[in-house]
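Report on one structure; see the data block that follows.
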Protein chains: 2
Amino acid sequence: MMSGDNLSLWNDTSTKSAIVGYVHAVTDPNNTKFVPEVERVATFDNDGTLWLEKPLYMQLHHLIRQIGIVAASNPAVRIKQPFKAVYENDQAWFKEAAAEVSKGDLTKAMSIVAGAAEAFEGMMIEKFNANAYDFLTDTRDARFNVPYKQLTYKPMVELIHYLQKNGFAVYITSGGGRDFMRSVSEEIYNIPRQNVIGSDIEYEYKIDSQGKAQVVRTTKVEQPIDNESGKPIHIGRTISRRPIFAAGNSDGDIEMLQYTKSHTGLSLGMLVHHDDADREYAYDEGAEQALEQALGNGWVIVSMKNDWKQIF
Amino acid sequence: MMSGDNLSLWNDTSTKSAIVGYVHAVTDPNNTKFVPEVERVATFDNDGTLWLEKPLYMQLHHLIRQIGIVAASNPAVRIKQPFKAVYENDQAWFKEAAAEVSKGDLTKAMSIVAGAAEAFEGMMIEKFNANAYDFLTDTRDARFNVPYKQLTYKPMVELIHYLQKNGFAVYITSGGGRDFMRSVSEEIYNIPRQNVIGSDIEYEYKIDSQGKAQVVRTTKVEQPIDNESGKPIHIGRTISRRPIFAAGNSDGDIEMLQYTKSHTGLSLGMLVHHDDADREYAYDEGAEQALEQALGNGWVIVSMKNDWKQIF
């Protein structure tokens with residue numbers, strides 16, 4: 001049986017029933033809650049919803065690696081942060097940066113990213129794609145000892161396929177780097193590159209030394225970033241249809257879930273709860289408000305511990 | 001025979017041979033120029049490439065109509081432009097605005113649009129979509145006496161379908177208003193709403209008086225606008241793959257055509273030339289540089305007069 005024919009990696013809990021019941025309702029032409037295929041849009045956050053986000057966002061690790069590469073070959077940049085810290089392997093600086101990120105304040109995290117983005121300045125978008133792909137393929141997680149791109153939550157990947165088989169157009173809408181995720185989204189999720197929405201750096205058009213037209217990365221962060229109220233805004237811009245299904249795991253997903261639940265038709269909002277320290281991590285940090293609002297808003301809470309047969 | 005099985009609305013000229021020869025080459029697995037389906041991306045400008053842009057951009061007419069509606073019900077706005085001119089039917093003001101637009105300077109045109117956008121401020125994006133759809137369905141062109149949405153160039157619509165049947169993902173990338181075009185793109189072109197790239201106004205997220213989450217229009221123009229170097233930038237952001245086929249009709253399309261022709265594989269760039277005063281209009285204004293560069297860059301020039309059996 002192919003992934004997506006049913007939810008084989010999900011335990012038979014009320015969570016699974018809620019998902020299956022929902023999908024049956026909106027796909028059955030005889031059901032009063034039926035939704036035509038063209039309107040079946042599902043949006044998923046990525047970090048912590050579809051793949052591992054601890055102990056450090058994979059994207060942050062990627063930036064740090066590139067900062068190290070640039071600092072190693074260019075002494076001039078070593079006088080400033082974050083190049084100095086990376087070149088000198090300044091663990092105290094790292095800890096501080098990680099603490100800011102783990103507070104869930106992505107605006108601040110993105111300003112770190114913007115500084116670090118200098119390391120990718122002027123890189124052709126095709127080359128960045130290949131660079132990110134190699135990173136996610138070659139870098140192994142310290143705890144799980146497998147390449148990053150294998151650390152997707154398999155029940156969630158199965159859910160994506162299940163929705164696709166039921167006529168849903170599935171999108172990623174993540175606070176993290178759009179192009180970083182696009183490098184692997186087709187391979188690991190079966191989500192087309194153009195269906196990946198995220199935050200990213202602005203581009204610039206130029207003619208290169210060979211007379212070829214290129215699009216390259218700058219260091220300026222595109223506004224708004226794709227988090228909190230930026231998520232519904234990006235959804236409107238890119239998809240132009242309101243989701244009827246949305247999944248997240250943190251406070252940055254609240255507005256996307258509100259927007260989805262405000263659909264005039266039947267919708268489903270889902271929050272992945274990290275409650276499995278043995279198989280993944282257990283933490284509520286950065287998700288306190290979302291968890292508090294879930295019950296009142298009718299969002300389905302997914303317990304990684306109780307609802308999933310396996311994680312990776 | 002369904003539209004798109006062949007190019008039945010095109011005369012048997014070298015233009016048609018160039019298109020058909022190109023599509024055969026990139027879709028034949030035994031051809032050295034074969035391009036896998038996932039990489040077959042085609043981008044089309046809209047105004048003057050897929051539909052009529054004279055005597056006034058349809059979108060500008062739409063804005064003027066809405067300005068009139070707002071001015072009629074709100075005396076306070078009538079003291080300022082463009083509300084005053086529309087309310088008083090000030091033909092001199094109209095002429096001046098039209099002259100700026102016809103110069104092809106879209107940066108200036110977009111600043112007019114931004115001022116006029118006030119008329120749509122705070123409108124939910126779903127409501128704007130319906131509003132634009134009704135306008136394009138109900139408003140008849142003075143010369144051709146049919147609704148605007150019927151004034152697409154039928155040979156170009158056939159070309160879109162032909163490319164889609166040959167495995168191309170077809171996008172619109174227009175300097176004009178994205179959401180305006182999205183309202184009809186599925187019906188008139190068979191292009192999904194999310195495949196329409198264009199310039200537009202920034203959005204805002206809010207909770208309405210009924211407690212529902214909404215995305216509404218502001219008056220600020222999103223940057224960069226989708227014209228000139230903005231086109232390859234928007235293509236990179238949205239599609240994340242370089243087109244192998246691109247069609248335009250004016251100087252604003254030059255960078256998109258350059259970007260396409262800089263693809264490492266075989267690509268085709270096309271310029272629609274308005275040379276048929278009898279059946280449409282004859283003008284080179286705003287396309288002088290593009291026409292001049294076409295030969296040297298190997299872009300195919302489409303003569304509306306000689307290459308098309310019918311226009312509308």
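Some values worked out for this structure:
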quantity	calculated
Test: A:A76 is in the same structural domain as A:E121 (by TED's automatic domain parsing) and either part of a loop (DSSP other than H, G, I, E, B) or farther than 27 Å from A:R178 by Cβ (or both)	yes
Test: residue in the stretch A:260-268 that is over 23 Å from B:E202 (Cβ atoms), assigned to a helix (DSSP H, G or I), within 11 Å of chain B (Cβ to nearest Cβ) and modelled with pLDDT of 95 or more	yes
Scan of the stretch A:37-69 for residues that are in a helix (DSSP H, G or I) and surrounded by fewer than 19 Cβ atoms within 10 Å (Cβ to Cβ), ordered by number	A:E37, A:V38, A:E39, A:H61, A:I64, A:R65, A:G68, A:I69
From A:S199, A:S183, residue being out of contact with any strand residue (DSSP E or B) (no Cβ under 8 Å at 6 or more places or on another chain), closer than 30 Å to A:V38 by Cβ and surrounded by 22 or more Cβ atoms within 10 Å (Cβ to Cβ)	A:S183
Counted residues, the stretch B:208-223 - those being basic (K, R), assigned to a strand (DSSP E or B) and either within 9 Å of chain A (Cβ to nearest Cβ) or under 18 Å from A:R242 (Cβ atoms) (or both)	1
Positions within the stretch B:151-187 being part of a helix (DSSP H, G or I), among the aromatic types (F, W, Y) and under 14 Å from B:A42 (Cβ atoms), in sequence order	B:Y162
Residue among A:V215, A:V184, A:V157, A:V170 that is at pLDDT 95 or above, in the same structural domain as A:S303 (by TED's automatic domain parsing) and touching a Lys or Arg at 6+ places or on another chain (Cβ under 6 Å)	A:V184
Residues (under 19 Å from B:Q223 (Cα atoms) and not in a helix (DSSP H, G or I)) located in the stretch B:114-141	B:E121
Inter-residue pairs, beta-carbon under 8 Å, first without any contact (Cβ under 8 Å) to a residue 60 or more places away in the chain and in the stretch B:43-67, second in a loop (DSSP other than H, G, I, E, B) and buried (at least 21 other Cβ atoms within 10 Å of the Cβ), 6+ apart	B:I64/B:P82; B:I67/B:P82
Only listed residue being modelled with pLDDT of 95 or more and in a loop (DSSP other than H, G, I, E, B), chosen from A:D253, A:D226	A:D226
B:P232 vs. criteria at the interface with chain A (Cβ under 9 Å from one of its Cβ atoms) and surrounded by 22 or more Cβ atoms within 10 Å (Cβ to Cβ)	yes
Positions within the stretch B:210-228 being surrounded by fewer than 20 Cβ atoms within 10 Å (Cβ to Cβ) and among the polar types (S, T, N, Q), in sequence order	B:Q210, B:T218, B:T219, B:Q223
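Here's the yes/no breakdown for (1) among the hydrophobic types (A, V, I, L, M, F, W, C); (2) facing another protein chain (nearest Cβ under 8 Å); (3) closer than 19 Å to B:F312 by Cβ:
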| site | (1), (2), (3) |
| --- | --- |
| B:A142 | yes, no, yes |
| B:N145 | no, no, yes |
| B:V157 | yes, no, yes |
| B:I191 | yes, no, yes |
| B:K206 | no, no, no |
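Listed here are the residues, each with its yes/no results for (1) touching a residue at least 60 places away in the same chain (Cβ under 8 Å); (2) surrounded by 16 or more Cβ atoms within 10 Å (Cβ to Cβ); (3) in contact with a Cys (Cβ under 7 Å, 6 or more places away or on another chain).
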| position | (1), (2), (3) |
| --- | --- |
| B:G236 | no, yes, no |
| B:I239 | yes, yes, no |
| B:E288 | no, no, no |
| B:V300 | yes, yes, no |
| B:K309 | yes, no, no |
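The values are calculated or read from the model by the stated rules, or taken from the named source; none is laboratory data. All of these numbers come straight from a predicted model, not from anything done at the bench. Note: ideal-geometry Cβ built from the backbone for every residue, glycine included; neighbour counts use all protein chains shown.
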